Amino acid sequence: MNNLNSMPELPILNDQPTGRRSFLKACGATLGLAAWATALRPLTEWTEDLNVDEFLQKHYRELTADQKQAVFKRLEAETKENYGADVHITDSQPIPGVQFAYALNLSICIGCRKCAEACHIENNHDRTTNNSYIRVFEMQMGGIDFEKGNATYDHPVPQPGKFYMPVQCQQCENPPCVTACPIEATWQEDDGIVVVDYNWCIGCRYCEAACPYHARRFNWEKPEIPAEEINPQQGYLSNRIRPQGVMEKCTFCLHRTREGRMPACLEACPTGARVFGNVLDPDSEIRWVIENKRTFVLKEELGTKPRFYYFFDE
Amino acid sequence: MTSTPAAAAAPGIQRDAIRSYPGFLWKALGVATNGTWLFYGWMTLLTAIALVGANAWAVQVRDGMIVTNMSDHVSWGLYIANFTFCVGLAAGGVMMVIPAYLYDDEEMHGLVIIGEAVAVAAIIMSTLSVVVDLGRPDRFWHLIPGIGKFNWPMSMLTWDIIVLNGYLVINLHIVGYLLYMKYLGRKPNPNWYVPFVFLSIIWAISIHTVTAFLYCGLGGRPFWNTSLLAPRFLASAFVSGPAFILLVLRVLRMTTGWQWSPRPAQTLIQIIRVAMSINLLMLASELFTLFYTGSGHAAAARYLFFGSHGANGLVAWIWTAIALNLIGTVLFFQPAALERSWLRIAACLCCIVGIWIEKGMGLVIPGFIPSTLHEVVEYAPSMTEWKITTGILAFGLLVLTLLVKLIAAVELKQISQPKGSGTTEAQA
Amino acid sequence: MDRESHTNSGPFLLVLAVLLVLQGCSEPIDNSVESVAANSTLEPLFATVIREPPVPHGVRAVAPNGEEVSLQCNACHSVRAHNLKSASAVDLDEFHQGMHYQHGSLTCVSCHQPDDGYSSLRLADGTSIAFFESIQLCGQCHGPQLRDYEHGAHGGMTGYWDLTRGGRERNHCLHCHDAHKPAYADFQPVAPPRDRFAPANHHAESSEAFHATSGLGDSHHE
Ligand code: SF4
Ligand code: SF4
């Protein structure tokens, strides 16, 4: 045991009794620092892609109109640089007096996955993973038991004895994902759509754990899309190309629906199993379905109050 | 602190205490960098492992979380598993404190500081485990209240951030204060630390409770959504914490000249015996509810314990954990465990590893399997995840080694305030 | 009916508001249409247009001079005797050979109008309607489907949910259902998701066994 009190006051540099040791220590310290720098070098390669403006960007809801425009310009330029595509980023706002709802007729859904494909294209999803916000389950007649479901079927549809159940974000009225997020990077808009600010999210994935409907997707790596396949009509809160390391989810195609158009998945559905509209309009199709069909919502017992209804024809 | 006579009488002493603080830090640095070759070897080894982890993390940040084996189905993995265990360890660190202060066990007082040091190291490990789990660590500032956007009180994660940081500050204060007073050769002023000790006891309960709430508050994950989770977390923390402290004490006794009576360790073992029994009882009651009713909620437990749909990636893990926990418990109940035996060491190791699995891989992962839409997607950590997690553990041990070495040095009067220095002599 | 009929159709479209189609319907259906069509806002609505279904406008034949011509049904049927009992494709010849017919026990004249040489369709009350208007004809038996169609809950569509901002195009029954064999034929779906780690629970085999023993057939859960 060294008794340090017997040593001079500068234990490292003036370490007289063991000068060799102090030399070794200095070497060790230098080597150590160099080793840390080397170990962390990949970080510098990563930060080349980042810029100060992005780093300092405020939360979407705190941006002024001018700041928003600057952000959109920057994102458009970045997309040009990284993906070689000219895109236009818009910022559609909720329409006053409109609350969206969606309904899906399980009796006529044939499981063709056309909706999932349309989502993939519309929302500029990563091509390698064939990602989509919609997962279509082939379900067993005789119950709604996902344990007997299968989302990766690859045989002709519709199969006898089966029905098909597409699942996407239910745009819960009481969304557990929003409660979970530690930094309000995800929130519910006035028309009921739950959105994510992809430039604010830190990628903790707590919301993904909280969602009872497997609706959220994480960008495990930078999405890859050929320039010619990029959908240039992009919303800041919806289908713009997401950065690596953040969460994303279905937004009921708000860049379309807030302009009065149908969501891409509905337009792709050949059978018309999907019904979309303003639930506050008593004459809307969606209201007719909710009032006249025996609808149900997924996992009603969780109290999430989905805005996504399922129904069967009688 | 003018209310106490000691402090009121001597404002000069206070000033000196502040003056000589740089000297203390300088000497602490000396302690940290001086030691036997064994010490150097140990520190070099830990640094090397931490470096490998740091490098793996840097690559992960650059290339994306794709280098882990997590997926949209199993979106948390080894990092969060390790986080959960480390929070338990931190909470368990105060196990020394409870008998020492609540029951005024005088002999424990001297060792309390070790428990606090374990807590500090464990909190650092938990924080790092969360940081490496972030997809965008560059946006860390979004989490800082005031500058970022802190979703408090709604998000349980914000609660966790508050309690973990608070706990770190409290424990750093207690360790630092006690140590510095010892260094100065003064008697610590109870007003300066006893309230914090009691605060840390309550706080220790809160960190693990809040961490449990992180999981059990999620209605969509039936495996976690049980009110028994927080008590189970606490019970297991009261095992892993003391068991870890027992190991630290053993190492200290073997590598330094620090001696103490066998009593404190025996108290800890009594705590472990009770806590482990409660832990096992709660586990059994949880399993009964799940399997006897056989509801759909049992799907995750079925996967965990027996595998389902031909997938059984966690079966080996959980049975290992159960076996280790049972063996550990049996060993702890042996009379030999009350003596300074190897049996005690074996018991500690069994329980620590057992709980690491049970609270980590055995709790976090099955929350995701089957997924919320009942898809069975398996998960096994990737090499990167192992590297980073091991790196964090190594870094935590490194911090702990330094802290404990410093504590021992002060305790054994290897460093202390030089006599006569103070009012006039400027240090360093 | 003071709404504007917005015409933005391409050449492949037949422009017709749903409303107009349905005006020929029987009374009760008409009422329900009113209630749907009424919009709470007073803004003019864009039109909903039904895409022209993939039906032939006659049959193709080669004239004696070698030219290809399109023949209308009444080219033959106006001069032939009608077989009002025919309910199967097997005893048809000439242009109808190879036709698959599988639509209950309906006879040809359940839907086709013999009175004008089969050149139009025939409602149950004997009224002739154009081929394109077959939606009404189908709806005579498939009432619930027609009702759902009218309420936007059956049949594919594109365009605007908000008709004050833009119009809509809707599929015709015949886009999905062959009138002679209306059951939806099975086909290969879009490729499944390429998950990095595929789910272990596929139920392809077990489901077959379940279906065989459950006796649930095609009946739905509700
Ligand atoms: S379905 Fe999931 S992602 Fe969508 S609002 Fe509900 S909890 Fe959030
Ligand atoms: S992943 Fe992003 S959106 Fe989800 S909880 Fe974390 S910060 Fe919020």
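A prolate overall shape is assigned to chain B, the ratio a/c of its alpha-carbon gyration tensor axes (a ≥ b ≥ c) being 1.5 or greater and a/b exceeding b/c.
With a 1.4 angstrom probe, the accessible area lost at the A-B interface totals about 6300 Å². Amide H contacts of A:E189: A:V194, A:V195, each under 5 Å away and 5 or more positions distant or on a separate chain (H built 1.01 Å from N in the peptide plane; Pro and chain starts excluded).
Can you give the FRET efficiency for B:T289 and A:R61, using 1/(1 + (r/R0)^6), R0 = 60 Å, r = Cβ-Cβ distance, to the nearest 0.05? Kindly include the intermediate steps, with their values, before the conclusion.
Values: r = 43 Å, r/R0 = 0.72.
E(calc), rounded to 0.05, equals 0.90.
In sequence order, the range C:141-152 has phi-based couplings of 9, 9, x, x, 5, 5, 4, 4, 4, 4, 9, x Hz under the Karplus curve 6.51 cos²θ - 1.76 cosθ + 1.60, θ = phi - 60°, and Gly or Pro positions carry x.
The phi-based Karplus calculation (6.51 cos²θ - 1.76 cosθ + 1.60; θ = phi - 60°) puts the 3J(HN,Hα) values of the range B:364-371 at 6, 5, x, x, 9, 10, x, 5 Hz, whole numbers, x for Gly and Pro. Amide H to amide H distances under 5 Å link A:T90 with A:Q234, A:G235, A:Y236, where only residues 5 or more positions off or on other chains count and H is placed in the peptide plane. Ligands, DNA and RNA excluded, the heavy atoms of A:E229 present near 80 Å² of accessible surface to a 1.4 Å solvent probe. With springs only between Cα atoms under 10 Å apart, run a GNM on chain B and tell me which of B:A346, B:A275, B:A81 wobbles the most. Comparing B:A346, B:A275, B:A81 in the GNM, the peak value goes to B:A346. As a size descriptor, the averaged projected area of the C-alpha convex hull of the protein assembly as shown was calculated at 50.0 nm².
B:A337 sits among other residues whose Cβ lies under 15 Å from its own Cβ, and their net charge, with Lys and Arg +1 and Asp and Glu -1, is +4. Distance between the pseudo-spin-label points of C:V69 and A:L31 (7 Å out from Cα toward the beta carbon): 10.0 nm.
Cross-link reach is defined here as a Cα-Cα straight distance under 18 Å, omitting same-chain residues fewer than 8 places apart; for B:K182 the lysines meeting it are B:K27, B:K405, B:K413, B:K419.
Put simply, the amide H of C:T48, placed in the peptide plane, has neighbours under 5 Å in C:V18, C:R168, leaving out anything fewer than 5 places away on its chain. Using a cut-off of 10 Å between beta-carbons, work out the net charge of the residues near B:V377 (Lys and Arg +1, Asp and Glu -1, B:V377 not included). Taking every Cβ under 10 Å from that of B:V377, the sum is -3.
Roughly what % of DSSP beta bridges within the protein assembly as shown run antiparallel, to the nearest 5? Display every interim value, and only then the final one.
Details: 36 of 47 bridges.
In the protein assembly as shown, approximately 75 percent of DSSP beta bridges are antiparallel ones.
Please report, as a whole percent, how much of the solvent-accessible surface of the protein assembly as shown comes from carbon and sulfur atoms (probe radius 1.4 Å).
Working: 25240 of 40870 Å².
The nonpolar share, carbon plus sulfur, comes to 62 percent.
From the helices alone, meaning DSSP H stretches of at least four residues, give me the mean residue ellipticity at 222 nm for the protein assembly as shown, per-run term -39500 (n - 2.57), in deg cm²/dmol to the nearest 500. Could you put the intermediate results ahead of the total?
Values: 31 runs with 422 residues, N = 964.
Here the helix-only value at 222 nm equals -14000 deg cm²/dmol.
With a 10 Å cut-off between alpha carbons and a GNM built on chain B, which of B:G294, B:G23, B:G146 moves the most? For chain B, modelled as a Gaussian network with Cα springs under 10 Å, the answer is B:G146. Of B:D133, C:D195, the order by accessible heavy-atom surface (1.4 Å probe, DNA, RNA and ligands excluded), from most exposed downward, is C:D195, B:D133. A crude spin-label estimate for the pair C:F197 and A:Q93, with each label 7 Å from Cα along the Cβ direction, gives 4.4 nm. For the range B:289-314, the residues whose amide N sits under 14 Å from a probe point set 7 Å from the Cα of B:A380 along the beta carbon direction are B:311-314. A Förster radius of 41 Å, combined with the Cβ-Cβ distance separating A:L40 from A:F296, puts the computed FRET efficiency at roughly 0.20.
With bins 20 Å wide beginning at 0, the percent of Cα pairs of chain A falling in each bin runs 28, 46, 15, 9, 2.
Please find, in a Gaussian network model of chain A (springs between Cα atoms separated by less than 10 Å), the residue of A:E291, A:E173, A:E248 whose mean-square fluctuation is greatest. Judging by the Gaussian network model, the answer is A:E291. What shape does the range A:49-90 have by the C-alpha gyration tensor, where a ≥ b ≥ c are the square roots of the eigenvalues, rounded means a/c under 1.5, and otherwise prolate means a/b greater than b/c and oblate the rest? It comes out oblate by the Cα gyration axes. Distance from a point 7 Å along Cα→Cβ of A:V52 to each backbone N in the range A:69-94: keep the residues under 17 Å and list them by number. Zone members listed by number: A:71, A:74. Label sites at C:T127 and B:E106, each approximated as a point 7 angstrom past Cα along Cα to Cβ, lie 10.7 nm apart. From the cross-link list A:K162/B:K359; A:K249/A:K305; A:K114/B:K149, which pairs have alpha carbons spaced over 29 Å apart? Listed pairs above 29 Å: A:K162/B:K359; A:K114/B:K149. In this Cβ point-charge picture (+1 for Lys and Arg, -1 for Asp and Glu), chain B has a dipole of about 840 debye about its Cα centre. Applying the Karplus relation 6.51 cos²θ - 1.76 cosθ + 1.60 with θ = phi - 60° to the range C:119-129 yields 3J(HN,Hα) values of 8, 9, 9, 10, 6, 4, 8, x, 4, 8, 9 Hz, where x marks Gly and Pro.
Which translational diffusion coefficient, to the nearest whole µm²/s, is obtained for the range C:52-134 from the Stokes-Einstein equation, given a Kirkwood hydrodynamic radius over C-alpha pairs, 37 °C and 0.692 mPa s? Walk me through the numbers on the way to the answer.
Numbers: Rh = 14.0 Å.
Rounded, D is 235 µm²/s.
The B:L412 and B:A316 beta-carbon pair, evaluated with R₀ = 35 Å, returns a calculated FRET efficiency of approximately 0.20.
With Rg and the Kirkwood Rh both taken from Cα atoms, where does Rg over Rh land for the range A:65-212? Spell out each step's value before the answer.
Values: Rg = 18.4 Å, Rh = 18.2 Å.
Ratio of gyration radius to Kirkwood radius for the range A:65-212: 1.01.
The values are calculated or read from the model by the stated rules, or taken from the named source; none is laboratory data. Everything numeric in this text was worked out from a predicted model, so none of it was measured. Note: ideal-geometry Cβ built from the backbone for every residue, glycine included; neighbour counts use all protein chains shown. Surface accessibility is based on the protein's heavy atoms, side chains included, excluding ligands, DNA and RNA. Shrake-Rupley method; radii C 1.70, N 1.55, O 1.52, S 1.80 Å.
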